[in-house]
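Participant: Take this structure first; my questions come after.
The values are calculated or read from the model by the stated rules, or taken from the named source; none is laboratory data. Bear in mind that the values here come from a model prediction, so they are computed numbers and not experimental data. No Cβ is skipped: glycine too gets one built from the backbone with ideal geometry, and neighbour counts run over all protein chains shown.
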Amino acid sequence: MTLALILLSVLILGSAAVAIALRNLIHSALLFVGCWAGIAAFYLWAGAEFVAFAQVLIYVGAVSMVVLFAVLLTRQGNELEPVKDDSFNRFIRALIAGGSVAGVLLGAILGTPMDVNTASPAPTMTVRELGARLMGPHAAALLIVGVLLTVALLGAVVLAAVDRSDQPEDAP
Amino acid sequence: MYFPASHLWIIPALPLVAAAIGALVPRSGRALASGAAIASMVAAFFVSCLALHTALADPAAHAAHNFAWFDVGSGAMRLGWLLDPLTAFMCVMVTFVSSLIFIFSLGYMKEDANFKQFFCFLSLFAAAMLGLLVANSLLLLFICWELVGLASYLLIGFWFHKPSAAAAAKKAFITTRIGDLGFLIGLLWLYDSTGSLLFFDGGHGVLEAATLTALTGKTLVCCGLTVSTAIGLLIFCGAVGKSGQFPLHVWLPDAMEGPTPVSALIHAATMVAAGVFLIARVYPLMSADQVLANVPLHALTVVAFIGAITALLGACIAVAQNDIKRILAFSTVSQLGYMMLALGVGSWTAAIFHLLTHAFFKALLFLGAGSVIHAAHHEQDIRRLGGLGAKMKITFATFAIGMMALSGVPFLFSGFWSKEGILHAAHEWDVSHLPLYAGLAAVVLTAFYMTRLMAETFFGKSRSHESGHAHENSAVMTVPLVLLAACAILLSLLAWPSPWLQHQLDPSAHSEPGGISLMVLSIVLVAVGIGSGWAIYGRKPRATEASPDPLETAAPDIIAALAARLGFDELYAATVGRLNSGFASLADFMERWIWGGAVTLLARFGEFTGVVNRETDENTLNGGFDSVSHQIRGTGRAYSRAQTGDAHGYMRFIALGFVVLMLFVMLGGSR
Amino acid sequence: MLGSGIIKGLAVTAKNFVGSYFVPERMVTEQYPEDRPKLPENYRSFPLLVSETAEDPMGTLRCVACQICEKECPPQCIYIEKSKDKKPDATGKMQLYPVVFAIDTSVCMSCGLCAELCPFDSIKMDQVFEVAATNRFAGLLLNREQLAKSNAYYHSIRPVEAAEVDARLAADRQAAEAKAKAAAAAKAAAAAAKAAAPAAQPAPAPVAEAPKPPSPAA
Amino acid sequence: MSASTDSFLERAPIEARDWLVQLLPAPLQWFTHHLITIGAILAVFGLFFAFTTVAERKLLGRLQNRLGPNRSGLPKFSALPWHLKHKLFGLTQPFADAVKALTKEDIVPAAADKLLHFLAPVLVVAFSLLTFAVLPFGRNMVPVDLDAGLLYFFAAGSATELTIFMAGWASRNKYSLLAAMRALAQVISYELPLLLSVVPVVLVAGTLSTNEIVTAQGGWSFGILPHWNIFTPWGFIGFLLFLVAALAECNRSPFDLPEAESELIAGHLTEYSGFKYALFFMAEYFGLTALSGLGVTLFLGGWQAPCDFLPFIPSYVWFMGKLVMMIVFFIWVRGTLLRLRIDQLTRLAWQFIVPLALINLGNAAFWALTASWAGPLQLVRLGVSLALVVGPFILLGRRLNIGRGPRTYRYATS
Amino acid sequence: MSQLQLCLVLSSFLFCIGLIGAMARSNTILVLLGVELMLNAANINFIAFWRYGPDHAAGTGILFVLFSIAIAASEAAVGLALVIAVYRHQKNIRLQEANRLKG
């Protein structure tokens, strides 16, 4: 079990790190897909079957598509003016800030005694129970999430739509 | 198979659904709207028959189903359905007549552009009427009562593009409202004094003995009337308005501006009978004061005299009218007067019997008139008709049956038996015999004007182009006529050889055989009426439309006054109308000068205080705030330099802030 | 209602499906190698050279190497070498004949001009369409022997046209024989006239006119 | 039924597998168990794919009054002493095609993203095979009985979209890329109707497990009318919507406009040839088969027999029979209908299928709520449900084409 | 090191990779993807604590992750729509150039 977890971690972290570092946006987006699939596998490993499939459905099926479309819709052609290249400085600063966060987090995790029974078998939660919980105690949250998604959808459409009102309708 | 009272709502709900369908389908959905209306009516008829069957199993029982509508304070406003023979008979009659009239309308309204609306309104009317009948609560009855009024308004004004129709609709609505105001006051008073509006509620209803005793026990201080008399008279106001009783009868003849099926259904057979039904329904309340001898006025006495006056008055005016529908309308007024008379003299069963028979033969007469009008291209003036008997044989035959039933031609026709019952009851009334004499006079007049109508319309030769080209209508219009005519005859069986119906309605009523002498007298009177009518109009038919009426030449003043309907409309315009406009101008004056002045004064004061306020504000208070906000603005400008627009930088700061916080917690928190 | 068209269409194809098993006339395709197509008579692929007999194609070629076709061929795919000697042709007249007659079918565009032009009804259009060859150059360059087809074969592919041609040739032959006879007669007559009479003069004219074939309009 | 559940034929495949598994040492058993399942699926559906292609070509031929492929058969071995009948109705055509595809030259554009260009066809087959894992092929014959099986199906199915994009992008051909975007737009916009048409089944069955959905459809009324979802009003219209959405999801005719061969030279597959192209082809048929299997599972009762005297026939035979019926229907539709335009495609989705599916969802909710109605109320239930199907169908169908005649070309006319 | 700690370490590393990506890359899309990674790291934590926590039946971790995924999806949709809007204005999507509203 631990071995599987370590392998998964390597897959997830490796693909994420490479995706962040690559210059080719399409490749990095596809690597992100791999990373997300790995996270879904982690959920499966942890026994959260429903969440794993939801993760695949939403991230691999939907978010990745949106990302790829966005990449294609924002192709940057040949730059006329040279970009001020401050990426190295920024990278160093980001590394320092991120590294310190990582250090603090690691310190916190390793410094906290966690005496949980790791030998316990993976818990299961059937979809029926999950549904009962969603529609029962968490119904309000579910409704709010529904509203949020609707608003996000409409907002995305409004933001991304081209405003053609100032152009003649049928310019040949 | 028995029908529980708790399911009575089905009867009004069926036409209500049809009305909804009629309202929702597009204008072109003629077949759907009319089909739904007729189907629902026929279904309601069968359900009503079932209900009648159930009710007759135990005629004395008042099976009621009550439920709470909404909560009021500690109690609840309760409504309910009531199933007894009265309700059941009325339901059967209304649904049967309505079905036939709906079918007749298919033919009559065929060319109308608003065909589907017509059926929508008709269904709405039927739903309200049936709701009125099955109600076990005076409140529910009142609601349906008003809905019936609304449907009547819509249908009278159905051809609203005709100014006369629109005016007639308005007149009908407003006139009946006057009566309804009394009804409403009586209703509220009743609720106030009894705390219930349910008719039957297991001993607590307003028509049950305990409540009635309590009501008659109380007496009004001012005039000595018992409470029950006062309430009864107020409720009777509603009946006067709806049933076209004197002095509120003026709207009913004008209501003939509506399409003829509407006149037949609403203003002859069903709605106008609602007033009679109402009094019959609350009859225990109306008659509660009969047990007391020392009261100044019995409610039923008023009813009897009003009925007698109306019966005579309507018959008189009908003699001098020329419009075929108007004659029938005044005849309706007169017959409703008869029913009220019967109620007043204590025989509500006779009133209901006459109501039922009258519904059939008056619907028959109106539909016959509609058939004539339809055939004669909407010519309604009897002086311009004539000679139709040969051209429209079925209409003629059925119309003649209706006429004979209305006139009270003996033995074979239902009208004879019902009228006989009323006269008999009037004869036995021991307060006064004046109503009997009025009734007998009306018998002669009724026979006379109906004979005149027949003679002018169907005999002689045609006196105008329109009537010359008339021809019999299609089966969709004649079949209802034939069915109604059959009913007009067969309904005799309800009273003869034994008064079966009256037994069913009121098993406790003692029935005595009618006096032979009275029967002979009325037969003679009918013969006199028909004979004189035939002598004046029948033997020598009118030659042209302009030729003078024989009676008019004989007594021009009287006939002119009658033709002008004795000037009731003008009288009302001069009194009530004048008073109303006086009040209106007074209200206008008050509004303009007294209230308006006060409001203007207040406004001026408000403006003044506003000016004072602003001056203090700007000069004294604001200075301090201005300097503070200057400083705030300066600080904001300084802070805004931190907003570099560099999102990466923000993120870095957040991350470092997180690290610092974590370190603080980890290092500081452990100590 | 929506979908009724779809159902109708499905019914049509379903009918096709069932019908294709039971009604052979429905089928729009042919099973080619087994069922040969019935070609229309005017179908043409590449030229052929008509010979009178199948036994001796080279000896009875109608071609007289006049080279009209070679000159007229638009893509110039015909190559002809004349013979040095002469042979009697179908009418018995002495004519040249082609020693080499080659058509490069990789160039030929099947226009049929050669067949139109040939005054000797010698070059005609074939109907063979299975002309694939494994050698791109030699395989598609057809020589005299490959081009020569017997008159009987010509009859088999286009009977109407061949009959017409035969009739014409027969008439020509008759005319030529008549002419020869007339010539012989004339010669004899001349010989006789040399002796005396000029009366034989009108005799050849009707004979010469008579064989003109009233070309039967097909 | 009880007698048939453990008939020999019914148990045979499972028993065979278990016997094979128990031959091996314990640590390998789990692995072998699944390996055998995978092998069986690959073998069965690989062959199924092969014969689907030939069946499609032959059926299309028959639908158009042609014969279809009937030549390829066994090669004639002249060395053999007997003479094989060598035409087999052309049934060996797929093997010939496979050999041809394998031996064709694999052309990769010079500027292509070589890795993705290679990965796309491999992944598309892999993803489309993943969906088979949750289909119950027979009683106790679901490869992985997941509690959220339906969700898994759609999750795995949605992954194939990624490969369409990869194929289009990796070809480094702007037409391929554009075609990939078109295909994606279509597939994504029909994902919603597909899901919406499936949700009523989940609602009524109360489970996401494919196996339990099939079990819930067991039983018969009067012994001949099975309790399949398609025999309820909402199920019928749901099945129709599912069919349409599945057609669009598989890019099948009449929704095959992303890869219209005649107009777009196969869209995002333009730069693919040889076996890579064959793999895409294969994935497409796998997807079609999987969706058909899902339709059978959700609406046609899965492996349930249609009449109560028929379960003696093994359940997997029923499943395969229904699957074949679905495929034949898809081929029939392909042989009948014309290709849609892109505007018709999207209008159909948003103005017809989605609203109808939403109404159908309400309908199914009504059905589920009134499950306890009995006696004459059942007729009322049926009537209301039918009205909820027929009314919206007619109204929406009437609204769909209002004012839309044939397209007019404004600048093309003189 | 227990499995729970391993999970937490995984999630914290993933979080930091996302953070570094968001801070170091100038392409707004990648920044957004970095944020998504951080959200995913949080989800991993939820699942891990659910897996090793005391109350499995309540399923709070799973529910929280579901809601979190929904929020992440809407964030991606709106964020990428914003990216497209930004691209329309300044013809590139470099984050450091989108600073027109700075103080």
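Participant: Can you pull out every residue in the range B:291-349 that is in contact with a strand residue (DSSP E or B) (Cβ under 9 Å, 6 or more places away or on another chain) and farther than 28 Å from B:Ser228 by Cα?
Facilitator: B:Asn322, B:Asp323, B:Ile324, B:Ala329
Participant: May I ask you to list the residues in the range D:154-167 that are at the interface with chain A (Cβ under 10 Å from one of its Cβ atoms) and within 15 Å of D:Ile265 (Cα to Cα)?
Facilitator: Matches in the range D:154-167: none.
Participant: Within the range C:17-27, does at least one residue satisfy the condition of being closer than 30 Å to D:Gly397 by Cβ, within 10 Å of another protein chain (Cβ to nearest Cβ) and not β-branched (Val, Ile, Thr)?
Facilitator: yes
Participant: Which of the following residues is over 30 Å from D:Met166 (Cα atoms), of a type in the set (Ser, Thr, Tyr) and surrounded by fewer than 22 Cβ atoms within 10 Å (Cβ to Cβ): D:Ser273, D:Ser221, D:Ser253?
Facilitator: On inspection, the qualifying residue turns out to be D:Ser221.
Participant: So, one more: Going by the conditions given, is A:Leu31 surrounded by fewer than 24 Cβ atoms within 10 Å (Cβ to Cβ), within 8 Å of chain E (Cβ to nearest Cβ) and part of a helix (DSSP H, G or I)?
Facilitator: Spelling it out, it is not the case that A:Leu31 is surrounded by fewer than 24 Cβ atoms within 10 Å (Cβ to Cβ), within 8 Å of chain E (Cβ to nearest Cβ) and part of a helix (DSSP H, G or I).
Participant: Of all residues being of a type in the set (S, T, N, Q) and either more than 7 Å from every other protein chain (Cβ to nearest Cβ) or in a helix (DSSP H, G or I) (or both) in the range E:1-41, which is surrounded by the most Cβ atoms within 10 Å (Cβ to Cβ)? Just the residue, please.
Facilitator: Restricting to residues being of a type in the set (S, T, N, Q) and either more than 7 Å from every other protein chain (Cβ to nearest Cβ) or in a helix (DSSP H, G or I) (or both), the top hit is E:Asn40.
Participant: For E:Val65, state whether it is more than 8 Å from chain A (Cβ to nearest Cβ) and among the aliphatic types (A, V, I, L, M).
Facilitator: no
Participant: Out of B:Ala64, B:Ala68, I need the residue that is at negative phi, out of contact with any helix residue (DSSP H, G or I) (no Cβ under 9 Å at 6 or more places or on another chain) and not in a loop (DSSP other than H, G, I, E, B). Which one?
Facilitator: Step by step, each of B:Ala64, B:Ala68 is checked, and only B:Ala68 is at negative phi, out of contact with any helix residue (DSSP H, G or I) (no Cβ under 9 Å at 6 or more places or on another chain) and not in a loop (DSSP other than H, G, I, E, B).
Participant: Report yes if D:Glu284 is closer than 30 Å to D:Ala101 by Cα, of a type in the set (Asp, Glu) and either under 11 Å from the mean Cα position of the chain (by Cα) or modelled with pLDDT under 85 (or both), otherwise no.
Facilitator: Spelling it out, D:Glu284 is indeed closer than 30 Å to D:Ala101 by Cα, of a type in the set (Asp, Glu) and either under 11 Å from the mean Cα position of the chain (by Cα) or modelled with pLDDT under 85 (or both).
Participant: Can you find, within the range C:16-58, the residue that is farthest from the chain's Cα centre (by Cα) among those that are of a type outside the set (S, T, N, Q), surrounded by 14 or more Cβ atoms within 10 Å (Cβ to Cβ) and in a helix (DSSP H, G or I)?
Facilitator: Top of the filtered list is C:Phe17.
Participant: Ok, one more. Quick one: B:Glu618 ticks every box in (1) at pLDDT below 80; (2) surrounded by 11 or more Cβ atoms within 10 Å (Cβ to Cβ); (3) more than 30 Å from B:Phe459 (Cα to Cα); (4) not aromatic (Phe, Trp, Tyr) except a single one, so which number is it?
Facilitator: (2)
Participant: So which residues in the range C:75-106 are within 25 Å of C:Ala171 (Cα to Cα) and within 19 Å of the chain's Cα centre (by Cα), if there are any at all?
Facilitator: If the condition is that a residue be within 25 Å of C:Ala171 (Cα to Cα) and within 19 Å of the chain's Cα centre (by Cα), then C:Asp89, C:Ala90, C:Thr91, C:Tyr97, C:Pro98 are the ones that fit.
Participant: Kindly indicate which of B:Leu300, B:Leu365, B:Leu355 is modelled with pLDDT under 85, out of contact with any Lys or Arg (no Cβ under 9 Å at 6 or more places or on another chain) and assigned to a helix (DSSP H, G or I).
Facilitator: B:Leu300
Participant: Still on this model: Go over the candidates B:Thr616, B:Thr575, B:Thr635 one by one and state the one that is closer than 30 Å to B:Leu248 by Cα and assigned to a helix (DSSP H, G or I).
Facilitator: B:Thr575
Participant: Oh, and also: When the residues of the range E:87-97 are narrowed to those that are surrounded by fewer than 20 Cβ atoms within 10 Å (Cβ to Cβ) and either under 21 Å from the mean Cα position of the chain (by Cα) or small (Gly, Ala, Ser) (or both), which ends up nearest to the other protein chains (Cβ to nearest Cβ)?
Facilitator: Only one residue fits best here, namely E:Gln96.
Participant: Show me the helices (runs of 4 or more DSSP H) entirely contained within the range D:271-347 in which 1 or more residues are of a type outside the set (S, T, N, Q), under 17 Å from D:Leu47 (Cβ atoms) and in contact (Cβ under 8 Å) with a residue 40 or more places away in the chain.
Facilitator: D:274-299, D:315-336
Participant: Sticking with this one: Among the residues of the range B:487-503 satisfying the criterion of being modelled with pLDDT under 75 and in contact with a Ser or Thr (Cβ under 8 Å, 6 or more places away or on another chain), which is nearest to B:Thr349 (Cα to Cα)?
Facilitator: Among residues in the range B:487-503 that are modelled with pLDDT under 75 and in contact with a Ser or Thr (Cβ under 8 Å, 6 or more places away or on another chain), the one nearest to B:Thr349 (Cα to Cα) is B:Gln502.
Yes/no per residue for (1) under 23 Å from E:Trp50 (Cα atoms); (2) modelled with pLDDT of 90 or more; (3) in contact with a helix residue (DSSP H, G or I) (Cβ under 6 Å, 6 or more places away or on another chain):
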{"position": "A:Ala94", "(1), (2), (3)": "no, no, yes"}
{"position": "A:Ile109", "(1), (2), (3)": "yes, no, yes"}
{"position": "A:Met114", "(1), (2), (3)": "yes, no, yes"}
{"position": "A:Pro121", "(1), (2), (3)": "yes, no, no"}
{"position": "A:Ala132", "(1), (2), (3)": "yes, no, no"}
{"position": "A:Met135", "(1), (2), (3)": "yes, no, no"}
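Participant: Select from the range C:125-174 the residues that are among the aliphatic types (A, V, I, L, M) and within 10 Å of the chain's Cα centre (by Cα) and list them in ascending order.
Facilitator: C:Met125, C:Ile157, C:Ala162, C:Val165 - these are the residues of the range C:125-174 that are among the aliphatic types (A, V, I, L, M) and within 10 Å of the chain's Cα centre (by Cα).
Participant: Another question about this same structure. Starting from residues that are touching a Leu at 6+ places or on another chain (Cβ under 8 Å) and farther than 20 Å from B:Leu133 by Cβ, keep the ones in the range B:23-58 and report whichever is modelled with the lowest pLDDT.
Facilitator: Among those residues, the one meeting the criterion is B:Val25.
Participant: Residue by residue through the range E:68-86, note down the ones that are more than 8 Å from chain A (Cβ to nearest Cβ) and under 30 Å from A:Glu49 (Cβ atoms).
Facilitator: E:Ser68, E:Gly79
Participant: Has the range B:629-648 got at least one residue that is closer than 21 Å to A:Gly107 by Cα and within 14 Å of chain E (Cβ to nearest Cβ)?
Facilitator: Checked against the condition, which is being closer than 21 Å to A:Gly107 by Cα and within 14 Å of chain E (Cβ to nearest Cβ), the range B:629-648 yields no hits at all.
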